[in-house]
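Where a number appears in this text, it was derived from the coordinates with a stated rule and is not lab data. The model shown is predicted, which means the values in this text are computed figures rather than measured ones. For neighbour counting, all protein chains shown are included, and Cβ atoms are generated from backbone atoms with ideal geometry for every residue, glycine included.
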Amino acid sequence: MAGLLGWPVAMLNEVAALPDTLRSARELVGDLASLTGRLSQMVEQLSTTIVRVDRADLAGVAERITAVTTEVEQQIAEMFGPITHTVNQVDSIEASVTELRNTLFGILKRVPGARKSILDLANPGQRAELEKP
């Protein structure tokens with residue numbers, strides 16, 4: 001019985017924390033996108049440097065820079081996996097919250113007195129004040 005009464009409060013706490021969780025996830029995705037853009041700019045600058053080195057006939061330097069450029073491009077390609085994973089996690093969180101919300105509203109519609117009970121559990125102090133003579 002205690003678990004049944006605690007469940008709505010736990011769900012309300014999860015729903016209340018959702019905006020912060022989603023904001024953090026979106027900030028992470030934005031930061032990852034910004035980092036990807038900066039790495040892309042670095043690759044372009046390295047490519048420009050390679051052209052200048054080739055003109056100066058410094059083949060050894062150009063090869064080292066090409067190796068670094070290739071490695072940076074590979075790292076950028078590897079970053080898309082975590083970015084995609086993060087976006088999928090945000091989508092999953094949003095789907096779970098939608099499911100929780102729909103379940104909660106379904107319970108509120110079908111269980112007599114459920115709305116009042118959830119409000120009482122969410123604000124127990126208000127009920128106590130209302131019941132005082």
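General observations
- Relative contact order, whole percent, for the stretch 8-125 stands at 40, derived from Cα pairs under 8 Å and 6 or more residues apart.
- The stretch between ASN88 and VAL72, if pulled fully straight at 0.36 nm per residue, gains 3.3 nm over its current Cα-Cα span.
- Euclidean distance of C-alpha centroids, the stretch 44-110 and the stretch 20-37, integer Å: 11 Å
- Prolate/oblate/rounded label for the stretch 8-125 (Cα gyration tensor, a/c 1.5): prolate
- Listed values for the stretch 63-75 are Karplus-derived 3J(HN,Hα) couplings in whole Hz (6.51 cos²θ - 1.76 cosθ + 1.60, θ = phi - 60°), namely 5, 5, 5, 4, 5, 5, 4, 4, 5, 5, 4, 5, 5, and x replaces Gly and Pro.
- Under 15 Å from the MET42 label point (7 Å along Cα→beta-carbon), backbone N, the stretch 54-84: 65-80
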